[in-house]
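Novice: After the structure tokens below, expect a handful of questions from me.
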Amino acid sequence: MVKGSDLLVAALENEGVDRIFGVPGEENLDVVESLRNSKIQLILTRHEQAAAFMAATYGRLTGRPGVCISTLGPGALNFSTGAAYAHLGAMPMVMITGQKAIMSSRQARFQIVDVIASMKPLTKAARQIVSAASIPTIVRDAFRTAMEERPGPVLLELPEDIAGDMVPAVPVVPVHPIEIPVAHRTALDRAAEMILKAKHPLIMFGAASSRPRGTHGIASFVRRTGIPFFNTQMGKGTVPGGSNLYMGTAALSERDYVHDAVDKADLIIAIGHDTVEKPPFIMGPDGPQVIHVGYMPATVEQVYFPHAEVVGDVGPSLEALADRIEGKLSNAGALLPLREEILGKIADRAEEDRWPVTPQRLVHDIRAVMPENGILALDNGMYKIWFARNYRTYVANTVLLDNALATMGAGLPSAMMAAMLHPDRRVMAVCGDGGFMMNSQELETAVRLKLNLVVLILDDGSYGMIRWKQAVDNFPDFGLTFGNPDFVAYAKAYGAKGTRVQAIKDLAPALEAAFQGGGVHLVVVPIDYSENIRVLIDELRGHEQAKSA
């Protein structure tokens with residue numbers, strides 16, 4: 001005979017799970033005991049939301065589901081933001097939540113909410129386990145569902161009496177690989193014909209192009225065709241930004257300098273675009289033709305309605321497409337003359353010595369201390385637009401930002417996960433003071449795990465992005481400012497190190513010293529967001545007017 005919780009842990013080990021994040025409760029105690037006797041590491045966090053963010057980031061970086069655990073009711077509901085983060089961001093994750101006994105009701109309705117119903121809109125699947133003997137099959141199906149395109153979160157609710165139930169031993173279900181078919185030859189032929197006819201072709205890389213499944217065929221397609229490319233915020237790094245074909249990142253939906261190329265293109269090959277992202281460009285009746293290349297068919301939207309689709313495993317499908325057009329594209333580089341001006345405008349004032357630091361200088365100095373494979377995890381705020389525009393990437397998944405749910409509070413947990421998976425690489429979390437304080441308690445978790453991690457806090461004493469929008473829309477400055485703790489003392493209270501940068505010349509050295517010193521190091525820098533209006537409003541509006549003249 002074997003206990004239900006032992007079957008669960010054996011099934012998780014069978015899936016290759018090596019760590020679980022979370023905050024267990026009374027209803028999980030059998031599972032906790034089974035984990036104690038397993039090879040799986042239980043990583044206790046200080047809030048369930050952080051555990052979900054970490055599990056989702058594990059899925060994002062590895063392609064295998066991250067796993068998190070919580071108790072029933074309030075603990076399970078604290079997973080909801082992380083579930084939405086993984087659901088919109090296409091990150092495979094399995095959440096395991098507890099529940100009161102279902103064979104009896106000795107505590108009546110105490111703490112019981114319908115977690116399954118609440119999670120169904122936020123997951124690919126949500127189900128309650130009602131039989132211990134079914135656990136191996138249900139776990140295998142949960143992992144398969146989480147990993148299949150489009151990846152995302154799955155929730156399993158395990159009641160405490162099912163977890164403690166003794167049943168005859170049940171074997172685990174063997175894991176099998178998931179293969180995705182290559183696109184149909186008719187679709188490839190149609191796409192090839194459109195590309196060969198194009199006079200000003202352009203490639204765009206979206207969120208799904210950076211799947212850990214592999215980007216060889218994707219980068220090879222650019223090299224073999226010679227067509228210039230740009231990327232969405234979540235597509236950064238799919239093809240090295242150091243390539244002489246890189247045209248920029250669409251951090252805004254329109255009117256930015258990269259849109260000079262978009263507006264002149266007569267064909268855009270949108271590779272891995274997922275419309276959960278804020279639109280990188282706006283399709284209209286007079287715009288370019290668009291070929292959607294993706295693991296899944298396009299989601300037709302008012303701003304995105306492709307004229308042709310190449311659906312299948314993206315890398316091999318692009319290799320097959322390149323076979324049809326390589327060496328035949330006389331107009332491949334027609335848009336390249338725009339490149340120097342686009343990138344030059346973006347690099348403007350990158351070394352300006354103003355204080356407090358401007359976003360352009362901030363991005364410049366961080367790029368200087370981060371190696372090509374260093375990982376930057378951004379929380380959500382105004383700085384995200386500047387990093388998307390200005391920060392050049394050379395390796396896939398080295399800028400972890402959320403342009404789908406765009407939630408605050410995910411930056412620190414995501415960076416912690418990256419530091420755990422890649423202890424040999426530099427990892428930095430960049431957080432606004434508002435977003436940092438939403439999960440700042442996880443500094444204790446990071447210190448306890450002995451992570452090497454730099455956390456940069458941009459201090460402006462407000463919810464800066466919304467305050468900026470408030471000003472742009474001519475509303476009075478109201479309701480969006482707050483006070484902050486002494487962040488250096490705050491870091492030290494958790495056993496981390498802390499530094500406050502006092503002058504622009506000290507920023508890069510402070511970051512370098514933090515990395516050299518190791519451990520968890522909080523670096524605080526005040527930021528001047530006046531450039532938001534000067535560049536993102538006034539300058540780009542003037543640029544648009546000049547184009548129209």
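Since every read-out is calculated from the coordinates, none of them should be taken as a lab result. Computed from a predicted structure; not experimentally measured. Methodologically, a virtual Cβ is constructed for each residue, glycine included, from the backbone with ideal geometry; neighbour enumeration extends over all protein chains shown.
Novice: With contacts defined as alpha carbon pairs under 8 Å and 6 or more residues apart, what's the relative contact order of the chain in percent?
Specialist: It comes to 12 percent, rounded to a whole number.
Novice: Of V454, V501, V447, how do they rank once you tally other Cβ atoms within 10 Å and put the fewest first?
Specialist: Working: V454 30, V501 22, V447 17.
Taking fewest neighbouring Cβ atoms as first place, the list is V447, V501, V454.
Novice: May I ask for the net charge around L458, where only other residues with Cβ less than 14 Å from the Cβ of L458 are counted and Lys, Arg are +1 while Asp, Glu are -1? Write out the running numbers ahead of the final one.
Specialist: Numbers: positive: R361, K384, R467, R500; negative: D365, D379, D433, D459, D460, D528, E531.
Summing Lys and Arg as +1 and Asp and Glu as -1 gives -3.
Novice: Using a cut-off of 23 Å between alpha-carbon atoms, which lysines can reach K39, once sequence neighbours fewer than 8 places away in the same chain are excluded?
Specialist: In chain and number order, the partners are K3, K450.
Novice: Here's another thing I want to ask about it. Beyond a 29 Å Cα-Cα separation, which of these cross-linked pairs lie in this structure: K236/K492; K199/K547; K100/K278; K384/K492; K278/K505?
Specialist: Numbers: K236/K492 34 Å; K199/K547 21 Å; K100/K278 40 Å; K384/K492 27 Å; K278/K505 35 Å.
Flagged as over cut-off: K236/K492; K100/K278; K278/K505.
Novice: What does DSSP give for the chain in terms of the percent of beta bridges that are antiparallel, rounded to the nearest 5? Walk me through the intermediate numbers first.
Specialist: Working: 4 of 70 bridges.
Expressed as a percentage, antiparallel bridges in the chain total about 5.
Novice: Let me have the 222 nm mean residue ellipticity of the chain computed from DSSP H runs of 4+ only, each contributing -39500 (n - 2.57), with the sum over all residues rounded to the nearest 500. Don't skip to the end; give the middle numbers.
Specialist: Working: 22 runs with 201 residues, N = 549.
Value at 222 nm, helices only, nearest 500: -10500 deg cm²/dmol.
Novice: Would you calculate the separation in nanometres between label points at A489 and H216, each defined as 7 Å from the Cα along the Cα-to-beta-carbon direction?
Specialist: Here the modelled spin labels are 5.6 nm apart.
Novice: What is the P(r) of the range 185-341, as percent of Cα-Cα pairs per 5 Å bin from 0?
Specialist: Percent of pairs per bin, in order: 2, 10, 22, 26, 24, 14, 3, 0.
Novice: Which of W468, W355, W386 comes first, and how do the rest follow, when ranked by fewest Cβ neighbours within 10 Å?
Specialist: Values: W468 21, W355 17, W386 24.
Ordered by Cβ neighbours within 10 Å, fewest first: W355, W468, W386.
Novice: Shifting gears a bit: With a ≥ b ≥ c taken as the square roots of the eigenvalues of the C-alpha gyration tensor of the range 269-391, please select rounded if a/c is under 1.5 and otherwise prolate if a/b is larger than b/c or oblate if it is not?
Specialist: Numbers: a/c = 1.97, a/b = 1.77, b/c = 1.12.
Prolate, because a/c is 1.5 or more and a/b exceeds b/c.
Novice: Using the Cα atoms of the range 62-175 to build a convex hull, what is its mean projected area in square nanometres?
Specialist: On the way: hull surface 28.5 nm².
Hull-based average projected area comes out at 7.1 nm².
Novice: Mind jotting down the distance between the C-alpha centroids of the range 406-436 and the range 1-70, whole Å?
Specialist: So the separation of the two Cα centres works out to 21 Å.
Novice: Ok, one more. Rounded to the nearest Å, what's the spacing between the alpha carbon centres of the range 248-276 and the range 496-528? Just the number, please.
Specialist: So the two Cα centres are separated by 35 Å.
Novice: What ranking do F487, F305 get, fewest neighbouring Cβ atoms within 10 angstrom at the top?
Specialist: On the way: F487 21, F305 14.
With the sparsest Cβ surroundings first, the list reads F305, F487.
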